[in-house]
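Notes follow the structure.
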Ligand SMILES: C[S@@+](CC[C@H](N)C(=O)[O-])C[C@H]1O[C@@H](n2cnc3c(N)ncnc32)[C@H](O)[C@@H]1O
């Protein structure tokens, strides 16, 4: 699935195993799952509802940099909107659906792209609204 | 400040401790090598004009001259983890290796767990345990943000953690937290000998269980952020006496000023061995206060 959506080479997931529990798929790299009562094992990788699956922001932050399509690098103003959790119009070479959103080459998280609109999928508690941004999203040379 | 007076006789330049304790802690963070590397991160911070200063003693530590480091985009991306400088010491002393089996017995909210996961390069097994329901939520979210995928979170009472063999066990014990006074001065007023002694029972039981869980040749590290010898040397020396086949190993970190563990306190003799433990006072390195001991199972 990741291959067809993001063009992520399989080698990205070398040594990584997956398991599904209810609606969620988890990724982990362990020699074994220990024989004990576990609250969680590894990192929540994506959620699945019927035929629709949605990658988590943390999975994209970890594996998304290997994406070769449906990935977009935002400029400073756009990135600011994205991390504030906002929706914005964006012209980009993306198919509708979930996309990898990055800024200056580092992945910010998951976005939903539909008909030219990009909606931030960052978890609410991680969003940073404007007055709070310490790290101005400069272009470096500006 | 009364809570500190009892340490006048053991702390070098005690007056400097009193001065230091009222100053707020510097904002510090650790670079998360599971998601970035040092050069890349420092480049990002420079480009974004975030003022920072790398630690002299640890290449992955940084002082940040910002008010809300939690609002840095690098924090959102999990490239840094905001963490008190001196607390980075215990994983370094634990020295976990990729592929090993490691237990973090008192793990929440996961500053040290995520540091250990990065030292293990996400390879091997890292069990992060904490019984506190609410704190486990932040433990989990910190592990996810850090991109740690070799972590299993459990919620046992550490004293009864199920039998299993580990190469290394960290006991970053619940304590009276006097060393964190620079974050919240009221910890000093809340301190009482009774609280220290109550925690001592729990700490002894946790450390003792940790020594059971380590395999022969394995390492157990015990740390607290309090000055009270009742919760430090009195715990370690008790366990060293009670448990056969454990020995203390000398702890030191080049570049950080410290004091050896106490040989005696208030009429109790802990033994010369305790000098192998280490104490960090806030005025020595401009950090919080900390205690660390390293035990090897034979
Ligand atoms: C000093 S804090 C740990 C900080 C953590 N290691 C970190 O670096 O983020 C001590 C922890 O011990 C936990 N704790 C309390 N009683 C415990 C018990 N019986 N067994 C295991 N952990 C316990 C507390 O919930 C608390 O989260």
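The values are calculated or read from the model by the stated rules, or taken from the named source; none is laboratory data. Computed from a prediction, not measured in an experiment: that's the story for all the values here. Please note: Cβ atoms are built from the backbone with ideal geometry, for glycine as well, and neighbour counts cover all protein chains shown.
Couple of notes before you dig in:
Residue by residue, here is whether (1) within 11 Å of the ligand (Cβ to nearest atom); (2) over 30 Å from residue A:27 (Cα atoms); (3) more than 14 Å from every other protein chain (Cβ to nearest Cβ) holds:
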| residue | (1), (2), (3) |
| --- | --- |
| B:151 | no, no, no |
| B:158 | yes, no, no |
| B:164 | no, no, no |
| B:170 | yes, no, yes |
| B:184 | no, yes, yes |
| B:187 | no, yes, yes |
| B:193 | no, yes, yes |
| B:196 | no, yes, yes |
| B:213 | no, no, no |
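- For the stretch A:1-14, taking the residues that are under 21 Å from residue B:98 (Cα atoms) and surrounded by 12 or more Cβ atoms within 10 Å (Cβ to Cβ), the one that is nearest to the other protein chains (Cβ to nearest Cβ) is identified as A:13.
- When B:256, B:269 are checked against the criterion of being surrounded by fewer than 22 Cβ atoms within 10 Å (Cβ to Cβ), within 30 Å of residue B:25 (Cα to Cα) and touching a helix residue (DSSP H, G or I) at 6+ places or on another chain (Cβ under 9 Å), B:256 stands alone in meeting it.
- Among the residues of the stretch B:95-119, the ones that are part of a helix (DSSP H, G or I) and either surrounded by fewer than 24 Cβ atoms within 10 Å (Cβ to Cβ) or near the ligand (Cβ under 9 Å from one of its atoms) (or both) come to 7 in all.
- Some residue of the stretch B:129-136 being closer than 20 Å to residue B:290 by Cβ and buried (at least 24 other Cβ atoms within 10 Å of the Cβ): yes
- Which numbered condition residue B:235 fails, given (1) outside any helix (DSSP H, G or I); (2) under 22 Å from residue B:84 (Cβ atoms): (1)
- Residue in the stretch B:79-93 that is assigned to a loop (DSSP other than H, G, I, E, B), at pLDDT 95 or above, over 16 Å from residue B:142 (Cα atoms) and within 16 Å of the ligand (Cβ to nearest atom) present: no
- Residue that is surrounded by the fewest Cβ atoms within 10 Å (Cβ to Cβ), among those in the stretch A:38-56 that are touching a residue at least 12 places away in the same chain (Cβ under 8 Å) and in contact with a helix residue (DSSP H, G or I) (Cβ under 7 Å, 6 or more places away or on another chain): A:44
- Some residue of the stretch B:53-71 being within 16 Å of the ligand (Cβ to nearest atom), in a loop (DSSP other than H, G, I, E, B) and within 14 Å of another protein chain (Cβ to nearest Cβ): no
- Close Cβ contacts (under 6 Å, 6 or more residues apart or on different chains) running from residues in the stretch A:15-36 that are within 7 Å of chain B (Cβ to nearest Cβ) and closer than 20 Å to residue B:146 by Cα to residues that are loosely packed, with under 14 Cβ neighbours inside 10 Å and modelled with pLDDT of 90 or more comprise A:27/A:18; A:29/A:15.
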